[in-house]
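First the structure, in the form of structure tokens, and then the observations on it.
Nothing in this text is a laboratory measurement; each read-out follows from the coordinates by a stated rule. All figures in this text were calculated on a predicted structure; none of them were measured in a lab. All Cβ positions, even for glycine, are placed from backbone atoms using ideal geometry, and neighbour counts span all protein chains on display.
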Amino acid sequence: MLNAIAGRLYVVATPIGNLGDMSPRAREILQSVALIAAEDTRHTGVLLKAFDIQTSMISLHEHNEIGRLPELIARLLAGASVALVSDAGTPAISDPGYELVRAAAAAGVEVIAIPGPCAAVAALSISALPSAQFCFEGFLPARKSARRTQLEKLSIEIRTLVFYESPHRIAEMLADCVVVLGGERLAVVARELTKIHETLYRGSLADLAARSTLAPHFSRGEIVVMIAGAVVEELSDTRELDRVLSVLLLELPLKQAAHLAAKITGARNNEAYNRALHLKALLA
Ligand code: SAM
């Protein structure tokens, strides 16, 4: 039930590198609200200055979002409208904002999207990978073992996978993708979208992993990684591999079970080993 006197919460997308992508509606809303809740007030201050917007700001980042909720919800319920922005792109998408949106909705405050740039959607739209259905994963875990476990879970996903990745981890991430998903899948790395050095790298995962260690600019700037989903035939191979492994793992040590399962099913040794690790974790 919406509260009739409450202000509105506007979730406002801002440019991901090119000020020309700021929409007239985003400007109008940021100008007219009582308060802007910004991930980093200094960062958003630069944006507001560029558009001559003088609205006051409050910080709302991952470490204070929960603590800020009572104050912001009280102001909204008292009739003040608030705009939520992050440093770049769409708030609440791998950015702070989810808790505020959830609390506002629960309090009966109307929540309005002011759509605009989002790196994941921009990258996918030019990827030439299947885009009718996709699986947005945000950032993979920074720790190698957790990252590989997450990739294992995603190895049977048939939709295009979309990740954010930091430049200093991209080479390591692509190398892990090759180990867990195999080197053949098509992938696209989109860097510095909407900026001067915007570049798109297309190729197989093995190709991109190799280029990430060789091309000097590959691992600089902001990056979206997209990987084609698993093909159904591969999946049926995986199912057969899993079936054989689940029997062998009951009787044999992991390495031996993986080696034998690869021989029986024709799977690659490292694929059988990774599946064995995955199954062992599930069976434990
Ligand atoms: N909420 C934002 C959005 O809607 O895109 C994403 C915020 S997330 C903290 C930042 C990550 O988005 C970066 O590390 C990078 O992976 C991706 N990103 C942001 N801007 C980008 C750009 N111009 N080109 C490529 N990737 C970008």
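For the reader, a short list of remarks on this structure follows.
- Helix-only [θ]222 nm of the chain, DSSP H runs n ≥ 4, -39500 (n - 2.57) each, per residue, nearest 500: -14000 deg cm²/dmol
- Cα-based Rg of the chain normalised by 2.2 N^0.38 Å, two decimals: 1.22
- Note on residue 49: aspartates and glutamates with a C-alpha under 20 Å away, same-chain residues under 8 apart excluded, are 21, 28, 39, 40, 87.
- Estimated FRET transfer efficiency when R0 is 35 angstrom, pair residue 51-residue 281 (beta carbons, to 0.05): 0.10
- Between residue 150 and residue 184, the C-beta separation translates, for a Förster distance of 22 Å, into a calculated FRET efficiency of about 0.60.
- With neighbours defined as other Cβ atoms within 10 Å of a residue's Cβ, the residues 278, 61 order from fewest to most as 61, 278.
- Using a Förster distance of 35 Å, the FRET efficiency for residue 204-residue 98 (Cβ separation, nearest 0.05): 0.50
- Between residue 197 and residue 111, the simple spin-label model (points 7 angstrom out along Cα→Cβ) gives 3.6 nm.
- 32, 86 arranged by Cβ crowding within 10 Å, fewest neighbours leading: 32, 86
- As a proxy for reagent exposure, ranking 218, 139 by other Cβ atoms within 10 Å from fewest up yields 139, 218.
- A simple spin-label model places the labels of residue 158 and residue 135 1.2 nm from each other, with each point 7 Å out along Cα-to-Cβ.
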